[in-house]
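The structure under discussion appears below in the form of structure tokens.
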Amino acid sequence: MNAPARKIALVTGAGTGIGRATSLALLRAGYGVVLAGRRSEPLAKVVAEAGDLGVQALAVAADVGNPDSVKALFDAAEARFGRLDLLFNNAGSGAPAVPLDELTYAQWKAVVDVNLTGAFLCTQAAFRIMKRQSPRGGRIINNGSISAHTPRPFTAPYTSTKHAITGLTKSTSLDGRAWDIACGQIDIGNAATEMTERMAAGILQANGQTMVEPRMDVQHVADAIVHMAALPLESNVQFMTIMATKMPFVGRG
């Protein structure tokens with residue numbers, strides 16, 4: 001086993017966007033980081049981008065919606081680093097933006113499998129490690145999204161799962177108390193990533209109009225997650241909303 005870093009983090013959806021930025025920020029903050037994602041190539045690029053810090057990274061291709069794949073992921077993390085201090089449940093996907101009655105069961109299930117079941121399976125696996133390790137405990141941060149509060153048009157699967165993540169966050173916080181496991185949620189609005197590029201060209205609003213929406217540097221999100229993670233386990237950011245200041249969320253937009 002390699003000598004462990006000061007703290008160990010596991011980030012799902014680590015190959016792109018928020019997961020990529022957060023993985024790099026955690027490495028710079030001194031963490032050993034397990035990068036998980038469906039595809040190996042983007043994960044390898046993030047490790048290479050980390051430069052010399054890449055020696056404290058482990059890339060593992062995994063499907064968070066598959067129990068066997070999740071078990072293999074956490075087994076690999078524990079085998080490499082010996083413990084787990086932070087899980088960032090970040091992996092997520094959406095369905096086509098079509099009227100609710102036109103969604104297929106397969107499209108609905110695909111979103112639920114990743115966004116909700118995946119977060120649950122990873123939380124469960126993290127609990128098992130955090131309860132038995134010494135010193136025990138750790139922290140779990142869930143990516144809730146602004147959609148955990150307010151939907152966009154034609155986003156029933158994504159919005160439903162993100163509302164459910166809030167329930168998972170609260171249950172995890174309660175069930176983790178006895179084991180020194182803290183859980184918080186970060187709700188992110190319009191971070192500048194591949195997923196939000198369409199907003200720069202204009203995106204459908206609730207009133208039927210199409211409007212260009214402001215975005216923010218994704219690094220601000222990564223820095224916020226590092227801040228949440230750095231707190232001692234006696235303290236917890238239960239919910240944080242970080243968003244582009246002028247995005248149409250508060251009030252009437």
Legend entry - Every pair of residues 6+ apart whose Cβ atoms lie under 9 Å, when the first sits in the range 196-218 and is closer than 18 Å to V98 by Cβ and touching a residue at least 60 places away in the same chain (Cβ under 8 Å) while the second is among the aromatic types (F, W, Y) and not in a helix (DSSP H, G or I): L204/F154
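Just to be sure, is T104 surrounded by fewer than 19 Cβ atoms within 10 Å (Cβ to Cβ) and modelled with pLDDT of 95 or more? Show your work before the answer.
Numbers: surrounded by fewer than 19 Cβ atoms within 10 Å (Cβ to Cβ): yes; modelled with pLDDT of 95 or more: yes.
Criteria met by T104.
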Inset, instruction - Would you please name the residue that is surrounded by the most Cβ atoms within 10 Å (Cβ to Cβ), looking only at residues in the range 232-246 that are among the hydrophobic types (A, V, I, L, M, F, W, C) and touching a residue at least 60 places away in the same chain (Cβ under 8 Å)? - result: M243
Inset, instruction - Answer yes if at least one residue in the range 83-102 is without any contact (Cβ under 8 Å) to a residue 40 or more places away in the chain and either in a helix (DSSP H, G or I) or touching an Asp or Glu at 6+ places or on another chain (Cβ under 8 Å) (or both), and no otherwise. - result: yes
Inset, instruction - Could you list all residues from the range 87-119 that are over 13 Å from A36 (Cα atoms) and touching a Leu at 6+ places or on another chain (Cβ under 7 Å)? - result: A95
Inset, instruction - Please specify each residue of the range 88-101 satisfying the condition of being at pLDDT 95 or above and buried (at least 19 other Cβ atoms within 10 Å of the Cβ). - result: F88, N89, N90, A91
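The values are calculated or read from the model by the stated rules, or taken from the named source; none is laboratory data. Owing to the predicted nature of the structure, the values given are computational and were not obtained by experimental measurement. Heads up, the Cβs are rebuilt from the backbone with ideal geometry, glycines too, and the neighbour counts pull from every protein chain shown.
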